[in-house]
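Q: Quick one: structure below, then a few questions.
The values are calculated or read from the model by the stated rules, or taken from the named source; none is laboratory data. The model shown is predicted, which means the values in this text are computed figures rather than measured ones. In this analysis, Cβ positions are derived from the backbone assuming ideal geometry, glycine residues included, and neighbour counts consider all displayed protein chains.
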Amino acid sequence: MLRILQHFYNWALCYRDSTRSVGLIRIGLVLLIWARWAGELILCRDIRLSAILLNSAFFLLTGLMCVGLWTRVSSMGTAIIISVMFAMYESWKHHHTFLLVMSTLFIALTPCGLSYSLDRWLALRRALKSGLPPPPEIGNLWGLRLIAIQLSMVYFWTAYDKLNWGFLSGARMELLVYNYYAGFDYATLPGFSALCFIVAITTVILEFLLAFGLYIPKFRKYLMLAGIVLHVLFYVLLPIRTFTLTMILLYLAFIPAASVHHFINNMHEGYETA
Amino acid sequence: MTLASQYQSEKTTVETAAESKLVIVCRAVAFALLMLYVAFGPFYKQGLRGKSNAFQAWRMYHTRGIGVCDVEFYIRHPDGRIEHVDHFKTLDYDKLLKSHHHLRRIMGAKGVLHVGQRIRQKVGNTADLRVNARIGTRKGWETLYVDKRIE
């Protein structure tokens, strides 16, 4: 038992590696946050002083987080401000947006400004001036582990929710087709119910596999590919908005940070194995 | 120095740097609390059926499609012949196909009867217009009307 706890402790809290993954996630999350909410928060939408101040703070903090200036403060500030808005605005309360809020909080707990940021550029300039070596792009990535656990929970509980005959029989899948694609008599199409049944079963199996399998290096590549296909299909077929891209972006939490680092290095110099 | 060796030396430097015990303990406590929140929240909402809004459930498209109807209209002729009525054509659905799905779908018993009334106006009062309909529920399809006459 102690050995398992020690192993978990090392996995969760002693993950010191390249910060390029978290740098990329930081930028991606801000773009998704803007895609989701920026339109609603433009200053002219609500000209009460309190709203103008809150919305200005949103744009200032997310902007600083995106370019990576004073990143620890700006990313934590962004996490706090979108959490406050999530709690305040009823229209924001949705599990898709909850994932965005939690991921921003978790990424703010990592040194996500050590890579791809103005902070990095300023640190390099200071090092160059004083003749010191470039500052390391290495930090404790425990926030990435929290993101990984969050994604597993998303997959596990969403699959759990589908464990009923209504869904497993394919009927709920048919309902989605009738709900979003009404306009044709699907019941008369040969094999329509069978196809919905197969899609329903496949979805549940894949979601359970994704909940646990992404931690296993041997299966990761194939499961990620299957997961991306699943999410892209959801994105194209159903009104999901930012959720698909958030999930795909957060897959970076499962890829070893060293692999991401080497993959990017390989683009800058001769090939080396990751 | 290659990029790979630079990465390795940076990693070693950071790994050997000592962290204060306070930082380590705070991080461990924060991790445990956040992990509990992330893992326990959906268990509370979905496993224990808790009502608190402080936690998040993960139910995708849980209520979508509930109440949507699949309908089949037809006219029963005096000689017993059944004539299927394509309500999509009768109601000019071709024009609706590019509209929002809220305008295209038929929702609930009222929606079926409303569409029935519109078809009635097209086919005239003398026709014996009838409908079979099923409605979407959490458990799947349930029969709504069998051979119901539209007045």
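Q: What are the residue pairs meeting all of these: first residue in the stretch A:165-183, first residue more than 7 Å from chain B (Cβ to nearest Cβ) and on the phi > 0 side of the Ramachandran plot, second residue aromatic (Phe, Trp, Tyr) and assigned to a helix (DSSP H, G or I), Cβ atoms under 8 Å, and 6 or more apart or on different chains?
A: A:Gly170/A:Phe197
Q: Of all residues in the stretch A:74-109 being at the interface with chain B (Cβ under 10 Å from one of its Cβ atoms) and aliphatic (A, V, I, L, M), which is farthest from A:Leu144 (Cα to Cα)?
A: The selected residue is A:Ala87.
Q: Restricting attention to the stretch A:14-71, and to residues there that are surrounded by 16 or more Cβ atoms within 10 Å (Cβ to Cβ) and among the charged types (D, E, K, R), which single residue is farthest from B:Val23 (Cα to Cα)?
A: Going through the qualifying residues, I end up with A:Arg36.
Q: Just to verify a result, which residue in the stretch A:172-222, among those that are part of a loop (DSSP other than H, G, I, E, B) and modelled with pLDDT of 95 or more, is nearest to B:Gly111 (Cα to Cα)?
A: Step by step, filter the stretch A:172-222, then rank; the result is A:Leu214.
Q: Hey, any hits in the stretch B:67-82 for a residue that's in contact with a helix residue (DSSP H, G or I) (Cβ under 8 Å, 6 or more places away or on another chain), modelled with pLDDT of 90 or more, within 10 Å of chain A (Cβ to nearest Cβ) and outside any strand (DSSP E or B)?
A: Looking through the stretch B:67-82, at least one residue is in contact with a helix residue (DSSP H, G or I) (Cβ under 8 Å, 6 or more places away or on another chain), modelled with pLDDT of 90 or more, within 10 Å of chain A (Cβ to nearest Cβ) and outside any strand (DSSP E or B).
Here is a yes/no grid of residues against (1) closer than 30 Å to B:Tyr7 by Cβ; (2) of a type in the set (S, T, N, Q):
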residue: A:Met1; (1), (2): no, no
residue: A:Arg20; (1), (2): yes, no
residue: A:Gly23; (1), (2): yes, no
residue: A:Arg45; (1), (2): no, no
residue: A:Leu64; (1), (2): yes, no
residue: A:Gly68; (1), (2): yes, no
residue: A:Thr78; (1), (2): yes, yes
residue: A:Met102; (1), (2): yes, no
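Q: All but one of (1) surrounded by fewer than 16 Cβ atoms within 10 Å (Cβ to Cβ); (2) of a type in the set (Phe, Trp, Tyr); (3) within 7 Å of chain A (Cβ to nearest Cβ) hold for B:Phe40, so report the exception by its number.
A: Only one criterion in (1) surrounded by fewer than 16 Cβ atoms within 10 Å (Cβ to Cβ); (2) of a type in the set (Phe, Trp, Tyr); (3) within 7 Å of chain A (Cβ to nearest Cβ) is unmet by B:Phe40, namely (3).
Q: Kindly check whether there is at least one residue in the stretch A:110-133 that is crowded, with 20+ Cβ neighbours inside 10 Å and at the interface with chain B (Cβ under 9 Å from one of its Cβ atoms).
A: No, the stretch A:110-133 contains no residue that is crowded, with 20+ Cβ neighbours inside 10 Å and at the interface with chain B (Cβ under 9 Å from one of its Cβ atoms).
Q: Now for a separate question. Test of understanding: among B:Arg64, B:Arg59, which residue is touching a His at 6+ places or on another chain (Cβ under 8 Å) and closer than 30 Å to A:Met102 by Cα?
A: From the options B:Arg64, B:Arg59, the qualifying one is B:Arg59.
Q: Aliphatic (A, V, I, L, M) and in a loop (DSSP other than H, G, I, E, B): which single residue out of A:Leu100, A:Leu146, A:Leu69, A:Leu122 fits that description?
A: Unique residue meeting the criteria: A:Leu69.
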